[in-house]
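Take a look at the structure set out below.
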Amino acid sequence: MKFRLKEESRIAIPVTGNRGLLSIVSRHFGKAEGFIIVDTAATEIVYLETSAARVENECAPIHALNSKGCQALVCFSMGGGAHRRCMENDLKVFRLEDAERVCDALEQYNSGCLEIFGKEALCSHQHH
């Protein structure tokens, strides 16, 4: 499984468990068990567990992704609050249309076919 990321050197992808590049991509950013972070400069793959990175009153570990040096995030869906916090932290968000595994998402990202995640794609769910 070879891949080459363009532009950003660190990209995060929400996943349902840790299997490296074979991890299954989570369907929702805020419900992900963790994140696979790919660092192309160091050719490193890191797993960040969501529960260990959670900040009070935050649905997803955006500050942790920022502290890990992530410049981009690739995901299927997210809520408005998470999207706003990503923008505030200079984290570019790209929207996946279809990908099962992290390696598939990276391939789509690298092909240049992913669009920037716009407000029209936000979830309209309510947090309880």
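Only the coordinates and a few stated rules stand behind these numbers; no lab work does. Keep in mind the model is a prediction, meaning the values are calculated, not measured. Positions of Cβ are generated from backbone atoms using ideal geometry, with glycine treated the same way; all protein chains shown enter the neighbour counts.
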Just to confirm a number: summing +1 for Lys and Arg and -1 for Asp and Glu over residues other than Asp39 whose beta-carbon lies under 9 angstrom from that of Asp39, what do you get?
+1
Under 13 Å, Cβ to Cβ, from Leu96 - net charge with Lys/Arg +1 and Asp/Glu -1
-3
